[in-house]
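The values are calculated or read from the model by the stated rules, or taken from the named source; none is laboratory data. Model, not experiment: these values are computed from the prediction. Reconstructed Cβ throughout: ideal geometry from the backbone, glycine too, with neighbour counts over all protein chains shown. What goes into the accessible areas is simple: the full protein's heavy atoms, side chains included, and nothing from ligands, DNA or RNA. Shrake-Rupley method; radii C 1.70, N 1.55, O 1.52, S 1.80 Å.
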Amino acid sequence: MSRRRIGFWYRFAAVLCKPPLMVLIKRDWRGMENIPAEGGFITAVNHNSHVDPFAYGHFQYNTGRVPRFLAKSGLFKKGFVGAAMRGTGQIPVYRESTDALSAYRAAIDAVERGECVAFYPEATLTRDPDLWPMTGKTGAARVALQTRCPVIPVAQWGANHLLAPYAKKPDLLPRKTHQVLAGPPVDLSRFYDKEMTPELLKEATEVIMAAITAQLELIRGEKAPATRYDPRQVRIEQRRRTRGKEETYGQDETYGPEEMYGPEEQETAVQEKTARGNTVPEKAVREMTEVEHEKGHGK
């Protein structure tokens, strides 16, 4: 794909998005020389703010190699946003449906056409307490091994200062700096010509996540934790603790939700009750609901 083939919709989106981005954030962008001038490739990017797709998109746009993001299918359905998503060639992800593999096929097709496909391997905002990259999903590794295209690890930092993860209001002042560092391609050659088993894909994904993390360490000037945050393992541990508390307190209705569950475990407890039957006492479930209702009304 030529650097000049950007298209109407991408240029139109840039006209709309670049001015507010220029006003809201300063830029410290490095590593553009690692973005391939020609041919299909993948960028693997960390995710720590709802703003960072726009900030990173600005960086990638300025390299002349516009990214094709994987995004939730609902964004493509109607209105101006849907038209823009389709017009800019973004890739819809249909989760938990018969079309779930279509994003994978579309990503491979885009790479083979010589385009850039941008992956957020974490698949969601990081939940690491210090905003380091979490464990990754295997989609980027799968496409990379199928196409043998370059995988460019990209770390970004600073959009999270403008809008913290899961925050509703931005922190506009003082003006924040968006830092991006694109590293050299990740060497995945040792995984070529091997069966793409879940174990191999997991190992290749960890190599990609390690490369992203190494770039982020350079930006932040500090070392990441030795153990990567794994949201799946955290959920398993939360469920284990919840079951233990149910066994301890489940038959004693004098315990309300605040005594039985911590704030992070109340929703899990209700979900576990629904999945396994009425294991949690009805009074506890009712009180948990009332507590959440009162929180929602600021009481």
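Scanning the range 192-209 for residues that are under 13 Å from ARG148 (Cα atoms) and open to solvent by less than 10 Å² (accessible area, probe 1.4 Å) turns up just one, ALA204. Here is the figure for the range 138-148: residues that are surrounded by 23 or more Cβ atoms within 10 Å (Cβ to Cβ) and farther than 13 Å from PHE191 by Cα total 1.
Against the conditions (1) closer than 21 Å to ARG113 by Cα; (2) aromatic (Phe, Trp, Tyr); (3) surrounded by 17 or more Cβ atoms within 10 Å (Cβ to Cβ); (4) at pLDDT below 95, PHE41 satisfies every one except (4). So, ASP230, is that one open to solvent by less than 80 Å² (accessible area, probe 1.4 Å) and among the acidic types (Asp, Glu) or not? Spelling it out, ASP230 is indeed open to solvent by less than 80 Å² (accessible area, probe 1.4 Å) and among the acidic types (Asp, Glu).
Considering only the range 162-172, I want to know if a residue exists there that is open to solvent by less than 80 Å² (accessible area, probe 1.4 Å) and either over 22 Å from GLY57 (Cβ atoms) or outside any loop (DSSP other than H, G, I, E, B) (or both). Among the residues of the range 162-172, at least one is open to solvent by less than 80 Å² (accessible area, probe 1.4 Å) and either over 22 Å from GLY57 (Cβ atoms) or outside any loop (DSSP other than H, G, I, E, B) (or both), which makes the answer yes. If you go through the range 88-101 and keep only what is among the polar types (S, T, N, Q) and open to solvent by less than 30 Å² (accessible area, probe 1.4 Å), you end up with THR88, GLN90. Of MET22, MET85, all but one fail to be part of a helix (DSSP H, G or I), open to solvent by 30 Å² or more (accessible area, probe 1.4 Å) and touching a Phe, Trp or Tyr at 6+ places or on another chain (Cβ under 6 Å); the exception is MET85.
When residues in the range 29-38 are screened for being over 27 Å from TYR229 (Cα atoms) and open to solvent by less than 70 Å² (accessible area, probe 1.4 Å), 5 of them pass. Select from the range 118-137 the residues that are surrounded by fewer than 20 Cβ atoms within 10 Å (Cβ to Cβ) and touching a Ser or Thr at 6+ places or on another chain (Cβ under 9 Å) and write down the one among them that is farthest from ALA224 (Cα to Cα). Per the criteria, the residue is LYS137.
Scanning the range 159-193 for residues that are acidic (Asp, Glu) and closer than 23 Å to ILE35 by Cβ returns a single hit, ASP187.
In the list ALA214, ALA224, ALA210, which residue meets the criterion of being part of a helix (DSSP H, G or I), among the hydrophobic types (A, V, I, L, M, F, W, C) and in contact (Cβ under 8 Å) with a residue 24 or more places away in the chain? Result of the check over ALA214, ALA224, ALA210: ALA214.
In the range 45-82, of all residues being open to solvent by 20 Å² or more (accessible area, probe 1.4 Å) and of a type in the set (A, V, I, L, M), the one that is modelled with the highest pLDDT corresponds to VAL51. Just to verify a result, which residue in the range 1-19, among those that are open to solvent by 80 Å² or more (accessible area, probe 1.4 Å) and not in a loop (DSSP other than H, G, I, E, B), is modelled with the lowest pLDDT? Filtering first and then ranking leaves PHE8.
Here TYR104 meets the list (1) open to solvent by 10 Å² or more (accessible area, probe 1.4 Å); (2) part of a helix (DSSP H, G or I); (3) modelled with pLDDT of 95 or more almost entirely, failing just condition (3).
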